[in-house]
Amino acid sequence: MPIKIVLAEDNYLVREGVARLLETEPALNLVAAVEDLPGLMKAVEEHAPQVVVTDIRMPPTSTDEGIQASEQLRESHPEVGVVVLSQYAEPEYALMLLEKGAAGRAYLLKERVSEIEQIRDAIEEVSRGGSVIDPKVVEVLVAAKSRAKESPLERLTPREREILSEMAQGKNNAAIAATLVLTERAVEKHINSIFSKLALSEEKDVHRRVKAVLMFLGQI
């Protein structure tokens, strides 16, 4: 069954462009396109989508409505995935989006919407409860971390940093292995080393992954 989607974007041309792009994908079913936060929440109630694709800034205040929508849906409709679109690589918004949990959340730059594979993959990932962070946002965060002093991330090897960067994009071990041309066993060993160096050895696996990514993103 196609994934039901509600789109929220205040710019008419962008909204129409994204809508037409989504409609070209048989695996996606756009059920509503709205222009503001109240319209988005109403559409969620009316259409019960599996995923919301939302601009980060839209009426009524044009500040962080996309983040607000994500938080409201986390409480009212925890099963709904959210893909937030932003015009700029703003790490602080990515951190706000993920601070209460990365499951079912994605942060993409608007330049990606012209690449149907990118947005389709993000929609499919969040619909499964996964998470995706735009690689350009990850690059900004890596650069910031490389300048930080006395960070536990400084203990990581270049390969471990590379693997943590892939984790921050929502990839599982198999996907990381494929991307970096490693065995899954090698990826698992590197990840266990990351957990140890970041003092996360005693946490449950799912919590260790989320906390490691949040540390990488500068949240902890």
What size of dipole, in debye to the nearest 20, comes out for region 1-40 about its Cα centre when the only charges are +1 on Lys and Arg C-beta atoms and -1 on Asp and Glu C-beta atoms? 160
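Apply 1/(1 + (r/R0)^6) to the Cβ-Cβ distance of GLN72 and VAL140, taking R0 = 30 Å, and write down the FRET efficiency to the nearest 0.05. Intermediate results must be reported in sequence, preceding the final value.
Details: r = 27 Å, r/R0 = 0.90.
Given R0 = 30 Å and the Cβ-Cβ separation, E is 0.65.
Please compare each pair in LYS100/LYS136; LYS110/LYS189; LYS136/LYS189; LYS110/LYS197 to a cut-off of 24 Å on the Cα-Cα distance and tell me which ones are over it. Working shown, then result.
Numbers: LYS100/LYS136 22 Å; LYS110/LYS189 35 Å; LYS136/LYS189 27 Å; LYS110/LYS197 35 Å.
Violating the 24 Å limit, Cα to Cα: LYS110/LYS189; LYS136/LYS189; LYS110/LYS197.
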Quick one: angle between helix 116-127 and the longest Cα principal axis of the chain, in degrees between 0 and 90, rounded to 10, please. 80
For region 1-69, run through the trypsin sites (Lys or Arg not before Pro) and keep only the ones in DSSP coil with at most 15 other Cβ atoms within 10 Å of their Cβ. none
In a Debye calculation with equal point scatterers on the alpha-carbon sites of region 148-216 and no solvent, what is log10 I(q)/I(0) at q = 0.17, 0.18, 0.21, 0.27 Å⁻¹? -0.54, -0.60, -0.83, -1.34
Angle check, please: helix 184-197 long axis (alpha carbons) against the longest principal axis of the chain (alpha carbons), in degrees 0 to 90, nearest 10. 80
Can you give me the distance in nm between label points at GLU111 and ARG185, each placed 7 Å from the Cα along the Cα-to-Cβ direction? 4.0
Which residue, chosen from ALA33, ALA69, ALA94, occupies the Cα position most advanced towards the positive end of the dipole of the chain, where the dipole is computed from +1 (Lys, Arg) and -1 (Asp, Glu) charges on Cβ about the Cα centre? ALA94
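Please tell me the relative contact order of the chain in percent, rounded to the nearest whole number, where contacts are Cα pairs under 8 Å and at least six residues apart.
Working: 350 pairs, mean separation 32.9, N = 220.
Taking the mean separation of contacting Cα pairs over the length of the chain, I get 15 percent.
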To check my understanding: the extent here is largest minus smallest coordinate of the Cα atoms along each principal axis. What are those three numbers for region 3-134, in Å, largest first? 33, 28, 28
Can you list the chymotrypsin sites (Phe, Trp or Tyr not before Pro) in region 6-106 that are in a DSSP coil and have 14 or fewer other beta carbons within 10 angstrom? TYR88
Sorted by chain and number, the residues with a modelled amide H under 5 Å from that of LEU30, at a separation of 5 or more or across chains, are ILE5
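Only loop residues by DSSP count here, and only those with at most 12 other Cβ atoms within 10 Å; note down the GluC sites (Glu not before Pro) in region 60-99 that meet that. Can you show the working numbers first?
Numbers: sites: GLU65, GLU71, GLU75, GLU79, GLU92, GLU99; in loops: GLU79, GLU99.
Loop-located and lightly packed - GLU79.
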Helix 205-216 against the longest principal axis of the chain: what's the angle in degrees, Cα atoms only, rounded to the nearest 10? 90
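Out of all DSSP beta bridges in the chain, what portion is antiparallel? Express it as a percent rounded to 5. Don't jump to the answer; show the numbers that get you there.
Values: 0 of 23 bridges.
Roughly 0 percent of the beta bridges in the chain run antiparallel, per DSSP.
Which of rounded, prolate, oblate describes the chain, given a ≥ b ≥ c as roots of the alpha-carbon gyration tensor eigenvalues and a/c under 1.5 marking rounded, otherwise prolate only if a/b is larger than b/c? Before the final figure, lay out each step's value.
On the way: a/c = 2.01, a/b = 1.77, b/c = 1.14.
The shape class here is prolate.
Assuming a ≥ b ≥ c are the square roots of the Cα gyration tensor eigenvalues, decide whether region 27-99 counts as rounded (a/c under 1.5), prolate (otherwise, with a/b larger than b/c) or oblate. Each step should come with its number before you reach the end.
Working: a/c = 1.59, a/b = 1.42, b/c = 1.12.
Cα axes put region 27-99 in the prolate bin.
Each value in this text was obtained by applying a stated rule to the coordinates, not by laboratory testing. All of these numbers come straight from a predicted model, not from anything done at the bench. Don't worry about glycine lacking a Cβ; one is built from the backbone with ideal geometry, like all the others, and counts go over all protein chains shown.
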